[in-house]
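Some notes on the structure that comes next.
Read the figures in this text as sums done on the coordinates, not as results from a lab. What you are looking at is a predicted structure, and each value in this text was computed from that prediction instead of being measured. All Cβ positions, glycine included, derive from the backbone under ideal geometry; neighbour counts span all protein chains shown.
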Ligand SMILES: NC(=O)c1ccc[n+]([C@@H]2O[C@H](COP(=O)([O-])OP(=O)(O)OC[C@H]3O[C@@H](n4cnc5c(N)ncnc54)[C@H](O)[C@@H]3O)[C@@H](O)[C@H]2O)c1
């Protein structure tokens, strides 16, 4: 039996594929390579296809012995989702609908979903527990919320077993140097700082210096991508071996760093000085996002091994210095 990984050629997907293979799982990657890269394929069988094509994903699920699906494939830019919500509903919602339909047709009933802290919107409580009210503040977050709603309905009506993993800020790179982050355009903080320090980006804009935080910059919860990958393997093992029907689990550290703290840490790791340009806050940016990680530790037997800020930045720095694609 194999595990289907949609978006397995992307940042978080590729790190998860690496761990799945290491744990002895057979993997089928389904990716349209819109943002995924050949260079991030470390093994498994690769099928090039787009989840918007319902017949294609049905054909794949009918021809491989798939036991469970891990669904990473999605568009991920919050800003773009404001400008072009239709694109996000097609790419993130229709794709998930197609995938679930193909799964039901082939009686594949185990599903892990890449959700996001974006489902919570403006937090009423910090750290954010999983039972916090859901009120996404942007179309990207809405698409994640709608898929979660669909999953609950499918679980109740058809017996789908799922775990929705709500990631906070994924960061860092494979400690063995094989994989890392490379989005185009890059909208994430740490790669943007490092690419500017390397001279691969001209300017670094610091969005928001008047948040109600100690230094005025936004505080986020950064989780190392390898720890995220481990959480997926743990979630998969639980789905395969335990009677889990429906669960929502945060993946974060419960520790936050402001943008200025991240810049300082990056300067320390690299020995370089960042010149940044302050800019107004971006639409929908909240002052502080921190995950409660109690549930993940308890339910997934999951421990953080790489998620201190210094390891996150060191691994990302090694990756960005050597990567040329
Ligand atoms: N990076 C983060 O900090 C973060 C935080 C919260 C949630 N997430 C979620 O994690 C998942 C992975 O994010 P990532 O940072 O690895 O993104 P990524 O862009 O690196 O990976 C997405 C992958 O999906 C593929 N893909 C996109 N649309 C597709 C389609 N229609 N059909 C087939 N393949 C398609 C892309 O080619 C790419 O390989 C996404 O669902 C994202 O919403 C990411």
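Mind pulling the angle between the C-alpha long axis of helix 95-105 and the longest principal axis of the chain? Nearest 10 degrees, somewhere in 0 to 90.
Result, in degrees: 30.
Quick one, can you get me the convex hull of the C-alpha atoms of the chain expressed as volume per residue in Å³? Intermediate values should be presented prior to the final figure.
Working: hull volume 39.2 nm³, N = 325.
Spread over its residues, the Cα hull of the chain gives 121 Å³ apiece.
Can you give the FRET efficiency for residue 105 and residue 268, using 1/(1 + (r/R0)^6), R0 = 45 Å, r = Cβ-Cβ distance, to the nearest 0.05?
The value I calculate is 0.25.
Counting only DSSP beta bridges with both residues in the chain, what percent are antiparallel, rounded to the nearest 5?
Numbers: 2 of 41 bridges.
Antiparallel bridges make up about 5 percent of those DSSP assigns within the chain.
Would you please report the Å³ per residue occupied by the convex hull of the alpha carbon atoms in the stretch 176-286?
Looking at the stretch 176-286, the number lands at 157 Å³ per residue.
Tilt of helix 225-241 relative to the longest C-alpha principal axis of the chain, in degrees (0 to 90, nearest 10)?
The angle comes out at about 20 degrees.
When ranked by the protection proxy of mean other Cβ atoms within 10 Å per residue, highest first, what sequence do the peptides 251-261, 268-278, 1-11 form?
1-11, 251-261, 268-278
Quick check: from the Cα gyration tensor, does the stretch 7-143 come out rounded (a/c under 1.5), prolate or oblate?
Prolate, since a/c reaches 1.5 and a/b exceeds b/c.
Using helices alone, what [θ] at 222 nm do you get for the chain, with -39,500 (n - 2.57) per DSSP H run of 4 or more residues, divided over all residues and rounded to the nearest 500?
For the chain, the value works out to -11500 deg cm²/dmol.
Using the alpha carbons of the stretch 42-123, what is the convex hull volume per residue in cubic angstrom, as a whole number?
124
If a/c stays under 1.5 just call it rounded; otherwise compare a/b with b/c (prolate if a/b is bigger, oblate if not). Do that for the stretch 163-240, with a ≥ b ≥ c from the square roots of the Cα gyration tensor eigenvalues.
Taking the square roots of the gyration eigenvalues as a ≥ b ≥ c, the stretch 163-240 is oblate.
If the chain between residue 131 and residue 303 were fully stretched, how many nm would it gain, using 0.36 nm times the residue separation less the Cα-Cα distance?
59.8 nm
Using only the alpha-carbon atoms of the stretch 141-208, report the extent along each of the three principal axes, biggest first, to the nearest angstrom.
Taking max minus min along each principal axis of the Cα atoms, the stretch 141-208 gives 53, 34, 18 Å.
Mind pulling the angle between the C-alpha long axis of helix 11-22 and the longest principal axis of the chain? Nearest 10 degrees, somewhere in 0 to 90.
60
When ranked by the protection proxy of mean other Cβ atoms within 10 Å per residue, highest first, what sequence do the peptides 283-294, 25-36 form?
Ranked by mean Cβ neighbours within 10 Å, highest first: 25-36, 283-294.
Starting from the 7 Å offset along Cα-to-Cβ, what nm value, one decimal, do you get for the label separation of residue 152 and residue 244?
Spacing of the two 7 Å Cα→Cβ label points: 1.8 nm.
Quick one: which of 216-225, 80-89 comes out on top by average Cβ neighbours within 10 Å, and what's the full order, highest first?
216-225, 80-89
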